[in-house]
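Asks: Would you mind keeping the following structure in view while I ask a few things?
Just so it is clear, none of the values below were taken in a lab; they were calculated from the coordinates. Quantities reported herein were computed from a predicted structural model and do not represent experimental measurements. Neighbour counts run over all protein chains shown; Cβ positions are idealised from the backbone, glycine included.
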Ligand SMILES: [Fe+2]
């Protein structure tokens, strides 16, 4: 039974952090969320596994790119942000393992809920803090 999110997940300009390559990554995350949210059956092993595999690859590449950007721009809160990324990686690995071993539909829903939460709180909260628009005017010793 599917009682999940009927909404369509789409990228919007309000999600932009103002860095093209990182926006592109975040767009991909939104398409992954939409892929999950559009599934009739979140217990469907091949489809959900495919999304989970894409997510693992995505986090590896995206976090590396994002942290590189933060280093290059002397972002002051890099270490804490890296810790949040590490937690995300662990959480995805755990969900992936639980999906293989556990009650698939339940874990599929948990994964979707987690990613929506990540988009709302991490991308639109934490990531926005390194946005160049937002950092304009910040004291920037070089
Ligand atoms: Fe981030």
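Asks: Go through the residues of the range 27-36 one by one and say whether even a single one is outside any helix (DSSP H, G or I), farther than 17 Å from residue 99 by Cα and more than 16 Å from the ligand (Cβ to nearest atom). Please lay out each step first, then the result.
Replies: So in the range 27-36, the residues outside any helix (DSSP H, G or I) come out as none.
The answer is no; no qualifying residue exists.
Asks: Only residues in the range 75-90 that are without any contact (Cβ under 8 Å) to a residue 40 or more places away in the chain and closer than 17 Å to residue 117 by Cβ count as the first member; pair them with residues that are part of a helix (DSSP H, G or I) and within 11 Å of the ligand (Cβ to nearest atom), Cβ under 6 angstrom, at least 6 apart or cross-chain, and list the lot.
Replies: Correct list of pairs: 85/63; 89/59.
Asks: So in the range 15-25, with the set limited to residues that are touching a residue at least 40 places away in the same chain (Cβ under 8 Å) and closer than 23 Å to residue 38 by Cα, which one is surrounded by the most Cβ atoms within 10 Å (Cβ to Cβ)?
Replies: 25
Asks: In addition: Is it the case that the range 95-112 has a residue that's within 15 Å of the ligand (Cβ to nearest atom) and assigned to a helix (DSSP H, G or I)?
Replies: The answer is no; no qualifying residue exists.
Asks: Considering only the range 53-74, I want to know if a residue exists there that is over 12 Å from the mean Cα position of the chain (by Cα) and assigned to a loop (DSSP other than H, G, I, E, B).
Replies: yes
Asks: Across the range 107-140, what is the number of residues that are touching a residue at least 12 places away in the same chain (Cβ under 8 Å) and either under 15 Å from the mean Cα position of the chain (by Cα) or farther than 22 Å from residue 65 by Cβ (or both)?
Replies: 17
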